[in-house]
Amino acid sequence: MSLLAWVLIVWGVLTALLILILIYRSTLTRQEDEQLYLTESQSHMQKEQMSLKKRVSQINPWVRILSVASGVMILLVAGMWI
């Protein structure tokens with residue numbers, strides 16, 4: 001296989017991982033609210049929201065890393081193709 005084919009495979013894998021992480025993040029944030037008005041009996045909802053916020057904040061750096069890596073790889077593919 002040529003070098004271009006390998007670069008395309010790597011780009012495809014990076015992009016697929018990015019898409020999967022974006023889908024996972026969107027399923028987490030779908031349940032998140034901008035503001036919560038809670039009473040004492042609903043304090044468990046605040047804990048759930050904080051847990052969701054923590055998980056999303058752990059995912060965000062990976063989204064940025066994979067986005068940049070995918071962008072660089074597609075530019076590399078375009079440069080190799082030209």
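The values are calculated or read from the model by the stated rules, or taken from the named source; none is laboratory data. Quick caveat: nothing in here was measured; it's all calculated off a predicted structure. With ideal geometry, Cβ positions are generated from the backbone for all residues, glycine too; neighbour counts draw on all protein chains shown.
Structure above, values below:
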quantity: The listed residue being modelled with pLDDT under 80 and of a type in the set (Ser, Thr, Tyr), out of Ser57, Ser41, Ser51, Ser26; calculated: Ser41
quantity: Any chance Val13 is farther than 30 Å from Trp81 by Cα, assigned to a helix (DSSP H, G or I) and at pLDDT 80 or above; calculated: no
quantity: Tabulated pairs, the stretch 59-77, first without any contact (Cβ under 8 Å) to a residue 60 or more places away in the chain, second charged (D, E, K, R), C-beta under 9 angstrom, 6+ apart or interchain; calculated: Ile59/Arg25; Asn60/Arg25; Val63/Arg25
